[in-house]
Amino acid sequence: MPVRPAAPSHIPARGPVQIELDWDALEIAVERNSPDTDSYLDLTTGRVLTITTGDPEAALNRQAVSENIRNFLRVEPASSREQYRWMERFVGSVVDEPLRERLIISIDGKGAFRRFKDVLLAYPAERERWFSYRADLLHWHIRNWLEQHDIATTNEPPWGQVEAPQELPTVGRPVVHGTEAPGEALRRQARDLIETIPAIELPTAIAFLEFLKQRSAEQMARSAVEHDPTDGRDDEPS
């Protein structure tokens, strides 16, 4: 477990800060939510220092932050829970009912972010609408964070001035299967069907399930290989 730089018992209150900000680096730091990574905004240069566990320079960078703690501010990423709520609100705005149902199932359980975006791959218009909506929310988060810490910038963000994102129109609720999670409802249905299959047919049923399991693993592996590291839109909060 990485040890974050400990703040001295008393840090003089910072006054207003004005810097030329590395907006792109800050955006990446805000959307990245990993227990192995910490990012700090250098209040003297406007650059973002990212420290990742396992990096050969991680210890030196942590020491540099600790020894100059007044000049560094930890970047607070948008939490995984918050970003999950963004997905839920988006799903509720999808007009295409079959697609909405697929997305509802995709966001149930571990790996929700990856499955959600895999489903959207076949729907380019909705995929772009999602990324646009998510970008607006990230930029609003950044604006509020800078304002909260009394940080002004001498350069404008590349995405322009930010206004509070408008609420998406709700055409369907993200969870439509009562109090039972949609994925669990389907698993229960599958178990019930298994109980009705004659034992002599079970090897065929099991072989098909194994095929689906393997196909899912291959799709996830292919998705990881095809991921463009310069496109932060495919990053998944941890």
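Extending 7 Å from Cα along the Cβ direction at Ile200 and again at Glu57 yields two label points whose distance is 6.9 nm. The stretch between Arg129 and His149, if pulled fully straight at 0.36 nm per residue, gains 4.1 nm over its current Cα-Cα span. Multiplying the residue separation of Thr50 and Ile69 by 0.36 nm and removing their Cα-Cα distance gives an extension gain of 5.4 nm. Full extension of the chain between Leu193 and Glu76 yields a length gain of 37.5 nm, computed as 0.36 nm times the residue separation minus the alpha carbon distance. Under 5 Å from the amide H of Leu168 lies no amide H of any residue 5 or more positions distant or on a separate chain, with H modelled from the backbone and absent for Pro and chain starts.
Every number here is computed from the coordinates shown, using simple stated rules; none is lab data. This one's a predicted model, so the numbers in the text were calculated from it and none came from an experiment. Every residue, glycine as well, gets a Cβ built from its backbone with ideal geometry; the counts of neighbours run over all protein chains shown.
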